[in-house]
1. Starting from residues that are assigned to a strand (DSSP E or B) and out of contact with any helix residue (DSSP H, G or I) (no Cβ under 6 Å at 6 or more places or on another chain), keep the ones in the range 223-242 and report whichever is farthest from SER144 (Cα to Cα).
2. Does the range 61-70 contain any residue that is in a loop (DSSP other than H, G, I, E, B) and among the hydrophobic types (A, V, I, L, M, F, W, C)?
3. Has the range 183-200 got at least one residue that is modelled with pLDDT of 95 or more, under 20 Å from VAL213 (Cα atoms) and of a type outside the set (Ser, Thr, Tyr)?
4. Out of the residues in the range 268-290 that are touching a Leu at 6+ places or on another chain (Cβ under 9 Å) and aliphatic (A, V, I, L, M), which is surrounded by the fewest Cβ atoms within 10 Å (Cβ to Cβ)?
5. Need the failing condition index for GLN133 against (1) polar (S, T, N, Q); (2) over 16 Å from the mean Cα position of the chain (by Cα); (3) under 26 Å from ALA281 (Cβ atoms), just the number.
6. Kindly list, by first and then second residue, each pair from a residue in the range 136-149 that is over 23 Å from ARG209 (Cβ atoms) to a residue that is of a type outside the set (Ser, Thr, Tyr) and in a helix (DSSP H, G or I), limited to pairs with Cβ atoms under 9 Å and residues at least 6 apart or on different chains.
7. Look through the range 1-57, keep the residues that are of a type in the set (Phe, Trp, Tyr) and under 16 Å from the mean Cα position of the chain (by Cα), and return whichever of them is surrounded by the fewest Cβ atoms within 10 Å (Cβ to Cβ).
8. Among the residues of the range 226-257, write down those that are surrounded by 13 or more Cβ atoms within 10 Å (Cβ to Cβ) and modelled with pLDDT under 90.
Amino acid sequence: MTEFRRVALRTGITLNVALAGPADGPPVILLHGFPESHRTWREIAPRLDQRFRLIMPDQRGFAGSDRPQEVEAYGTDTLTDDVFALADKLALESFALVGHDLGGVIAWSAATRGDPRLTRIAIINAPHPVIFQKRLIENAEQRSASQYITMLRTPGFEQALKATGLEALFEKAIAANAGEAKILEAEKQQYLAEWAQPGALTAMLNWYRAARVMVPPPGITVPLPDWLLKAFPKVRIPTLVIWGMRDSALLPVQLDGLDQLVEDLRITRLADAGHFAPWEAPDEVAQALEAFLA
């Protein structure tokens, strides 16, 4: 059975956290992406909660958690601090981290911190920041597929979303990218209700506005940004990458070169899944996670 807690963190925010599984099970923090919530894991949790203590927060800015309105409240370092602050609050001596989409971006960041409590990470369709930036500059197909980021960053874009209706956001951001996964009407209505909360759209979009990744327009040549030319910490803990190969937003080229940035890497490719692999292929995702987390 899933329980919910409001957890106040030393980072100054309070998260809505879903918890499942035995209290004495190995702890696993699961981080959702855009534009979701802890509900990302609704098909995964029942497949893992006999063995693991699952900690599934609504991340800062999403669903039932606090929604600061300032862009600077969503920098990657701040969002990563939230993860370790949550581990502090729950008194976790060690934990694994699973992240999908933007949640995977934070998992990559956390893995470079060198915190000994973090024992391993699992990434689901979330690019490593170094590879993502390089592909945006060097790969025309990935650059084209990522132009939506520029749109989401546009000042006032939340007003455009409200004008076109939140159902349009659901269709474009979720339904169009979920393959043949069956999305229940009740799930859709839950997301629409969360997005309609005061300040919710601004908070969610600020994740993209605060990110330092550069998305060049198509057809122009740009240099690599300064941050990419500096030494980037190597991931030294065991890492599993699960990739839905039909992802039309984050292309499989994101897997190329990962072995140069991760010491202990294993990759599970899901031929028939796309971006929302936890929905589309829950059995395969859960099996890969269980074997790795064990």
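The values are calculated or read from the model by the stated rules, or taken from the named source; none is laboratory data. Keep in mind the model is a prediction, meaning the values are calculated, not measured. All Cβ positions, even for glycine, are placed from backbone atoms using ideal geometry, and neighbour counts span all protein chains on display.
1. Filtering the range 223-242 for residues assigned to a strand (DSSP E or B) gives 235, 239-242.
Now restrict to residues that are out of contact with any helix residue (DSSP H, G or I) (no Cβ under 6 Å at 6 or more places or on another chain): 239, 241.
Values: THR239: 28, VAL241: 24 Å.
Ranking the candidates gives THR239 first.
2. Just the residues of the range 61-70 that are in a loop (DSSP other than H, G, I, E, B), to begin with: 61-70.
Then drop every residue that is not among the hydrophobic types (A, V, I, L, M, F, W, C), which leaves 62-63.
Looking through the range 61-70, at least one residue is in a loop (DSSP other than H, G, I, E, B) and among the hydrophobic types (A, V, I, L, M, F, W, C).
3. No.
4. If we take residues in the range 268-290 being touching a Leu at 6+ places or on another chain (Cβ under 9 Å) and aliphatic (A, V, I, L, M), then ALA286 is surrounded by the fewest Cβ atoms within 10 Å (Cβ to Cβ).
5. (3)
6. Correct list of pairs: ASN139/VAL253; GLU141/ARG135; GLU141/VAL253.
7. Our first condition is that a residue be of a type in the set (Phe, Trp, Tyr); within the range 1-57, this holds for 4, 34, 41, 52.
When the remaining residues are screened for being under 16 Å from the mean Cα position of the chain (by Cα), the result is 34, 41.
Numbers: PHE34: 19, TRP41: 29.
The qualifying residue surrounded by the fewest Cβ atoms within 10 Å (Cβ to Cβ) is PHE34.
8. Residues satisfying the conditions are TRP227, LEU228, PHE232.
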